[in-house]
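Visitor: Dropping the structure in here first, questions after.
What follows draws every value from the coordinates through simple rules; no lab data is involved. Since the structure is predicted, the reported quantities are computational estimates derived from the model, not experimental observations. Neighbour counts are summed over all protein chains in view; Cβ atoms, including those assigned to glycine, are modelled from backbone coordinates with ideal geometry.
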Amino acid sequence: MNGVSPCGTVVRFVSHVATKRREKEAVLLVMEVMIHSSSFLIPSTHADHPPSLTYALVLLNQRLPRFTPLLWNHAQVRLCADGGANRVFDELPLLFPHEDAIEVRKRYKPDLIKGDMDSIRAEVLDFYASLGTKVVDESHDQDTTDLHKCIAYICDFTPHMEKSNLCILVAGALGGRFDHEAGNINVLYNFSAIRIILLSEDCLIHLLPKTHHHEIYIQSNVVGPHCGLIPIGMPSGSTSTTGLRWDLNGTEMRFGGLVSTSNIVDADKITVRSDSDLLWTMSIKNL
Ligand SMILES: Nc1ncnc2c1ncn2[C@@H]1O[C@H](COP(=O)(O)OP(=O)(O)OP(=O)(O)O)[C@@H](O)[C@H]1O
Ligand SMILES: Cc1ncc(C[n+]2csc(CCO)c2C)c(N)n1
């Protein structure tokens, strides 16, 4: 029947609404929870055992955080994005002032240096190449950033099955030039199916994909209390949270309207549900 009786039309409409509601409920029922924690900021000896994630570390060409050795120890593989190698060469010895600089450099030897190679110094390249670091020169590609090239490398060499356990830590990603920061944030969206955490000494940023509900466990000795939830790229029609000083309750967020900055974590666990991808940011304590 094709809507001849007004009554039939209403019945069909009601049944359509009921079907849509059931579909929505089914989606809600099957929506998986993604767990987030900052245990990579805690020494391995104190962190949860066995660690549930496999970490990779990418070092960028920006002042490295004081806690870089901690990230290094958590990681199974360490990559430098082009000039990031200069930072490892110059800055890691400064974190161990009582040790011989060359010994420190040998201990913190990256597995791979990749990029367009316009920033790495020749002496740095020669030093690590002679120690066996793999070097991948992609100077022909002037359309993707050096960070993008490094993330692509990690993904290409991580088996499909293991990608769900992979977490890429990116040191030196924030602060400094805004075009670089924006490019680094864009990489979170380029590789939205991979866990990637951008880090500076002061804060971390990662994506909360709309495909999941999120539980963020707060290790309050290393992170917080300042935090933010930011819809980049498109508005969020509805976001709900628990555990924040200023929780959202089906709230719309958009640039030009409300975005949740200068919020405060008020619980050990924060939950977030949204119809859009959001950026989660949190302050890092003076480790
Ligand atoms: N000031 C910065 N702030 C944030 N990230 C940075 C900054 N400088 C570099 N990076 C990151 O480190 C990576 C490697 O830096 P590098 O200086 O080698 O890049 P580049 O491509 O030579 O940069 P440029 O745009 O200056 O040519 C960049 O792809 C970027 O992700
Ligand atoms: C529209 C557009 N804007 C900027 C660049 C430049 N660019 C982007 S990534 C990159 C490599 C940096 O190592 C360079 C040079 C481009 N190609 N296309």
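Visitor: Connecting C-alpha atoms closer than 10 Å in a GNM of the chain, tell me which of ASN86, ASN263, ASN221 has the biggest fluctuation.
Guide: Most flexible of the set in this elastic network: ASN221.
Visitor: At a threshold of 8 angstrom on Cα-Cα distance, excluding pairs fewer than six apart, so keeping six or more, what relative contact order does segment 203-287 reach in percent?
Guide: Across segment 203-287, relative contact order equals 48 percent.
Visitor: Under a point-charge model restricted to the Cβ atoms of Lys and Arg (+1) and Asp and Glu (-1), what is the dipole moment magnitude of the chain relative to its Cα centre, in debye to the nearest 20?
Guide: Around 940 debye, computed over the chain.
Visitor: Could you line up ASP146, ASP82, ASP247 from fewest to most neighbouring Cβ atoms inside 10 Å? Numbers along the way, then the final one.
Guide: Details: ASP146 28, ASP82 25, ASP247 17.
With the sparsest Cβ surroundings first, the list reads ASP247, ASP82, ASP146.
Visitor: Here's a follow-up. Tell me, what ³J(HN,Hα) does each residue in segment 210-217 have, in order and in whole Hz, if you take phi through Karplus 6.51 cos²θ - 1.76 cosθ + 1.60 with θ = phi - 60° and put x for Gly and Pro?
Guide: 5, 6, 10, 8, 10, 10, 10, 8
Visitor: Charges on Cβ only, +1 for Lys and Arg, -1 for Asp and Glu, centred on the Cα centroid of the chain; of SER220, GLY256, GLY243, which one is farthest towards the dipole's positive end?
Guide: Positive-end residue among those listed: GLY243.
Visitor: Can you run the Rg to Rh ratio on segment 203-287? Use alpha carbon positions and the Kirkwood inverse-distance Rh.
Guide: Numbers: Rg = 12.0 Å, Rh = 12.7 Å.
Ratio of gyration radius to Kirkwood radius: 0.94.
Visitor: If packing is taken as the average number of other Cβ atoms within 10 Å across a peptide's residues, how do 130-140, 234-244, 197-207 rank, most packed first? Kindly include the intermediate steps, with their values, before the conclusion.
Guide: Working: 130-140: 12.1, 234-244: 16.9, 197-207: 21.3.
Packing order, densest peptide first, comes out as 197-207, 234-244, 130-140.
Visitor: I've got another one for you. Would you pull out the residues with amide H under 5 Å of VAL223's amide H, same chain only if 5 or more places away, H placed 1.01 Å from N?
Guide: Distant-sequence amide H within range of VAL223: LYS285.
Visitor: Continuing with this model, one more query. What are the ³J(HN,Hα) couplings of segment 93-102, residue after residue, when phi is run through the Karplus curve with 6.51, -1.76, 1.60 and θ = phi - 60°? Round to Hz, x for glycine and proline.
Guide: Rounded to whole hertz, the list is x, 5, 7, 10, x, 8, 10, 5, 4, 5.
Visitor: In the chain, with Lys and Arg counted as +1 and Asp and Glu as -1 at Cβ, which of these residues, SER192, ILE154, ALA122, has the Cα nearest the positive end of the dipole, that is, farthest along it?
Guide: Going by the charge dipole, the pick is SER192.
Visitor: Can you pull a Stokes-Einstein diffusion coefficient for the chain at 37 °C (0.692 mPa s), Rh from Kirkwood over Cα pairs, as a whole number of µm²/s?
Guide: Rounded, D is 157 µm²/s.
Visitor: Express the relative contact order of segment 46-201 as a whole percentage, based on alpha carbon pairs under 8 Å and six or more residues apart in sequence.
Guide: 28
Visitor: What residues qualify as long-range amide H neighbours of ARG195, i.e. H under 5 Å apart, gap of 5 or more or another chain, H built at 1.01 Å from N?
Guide: So ARG195 has HN proximity to ILE168.
Visitor: 5 Å is the cut-off here: which amide hydrogens, built 1.01 Å from N in the peptide plane, fall below it relative to VAL58, excluding neighbours closer than 5 in sequence?
Guide: HN-HN under 5 Å from VAL58: LEU79, LEU169, VAL170, ALA171.
Visitor: Mind jotting down the distance between the C-alpha centroids of segment 193-232 and segment 237-272, whole Å?
Guide: The distance from the Cα centre of segment 237-272 to that of segment 193-232 comes to 13 Å.
Visitor: Taking only Cα atoms and a 10 Å spring cutoff, compute GNM fluctuations for the chain and point out the largest among PRO209, PRO225, PRO93.
Guide: Comparing PRO209, PRO225, PRO93 in the GNM, the peak value goes to PRO93.
Visitor: Along segment 265-272, what does the Karplus equation 6.51 cos²θ - 1.76 cosθ + 1.60 (θ = phi - 60°) give for ³J(HN,Hα), rounded to whole Hz, x for Gly and Pro?
Guide: 6, 10, 8, 6, 10, 10, 10, 9
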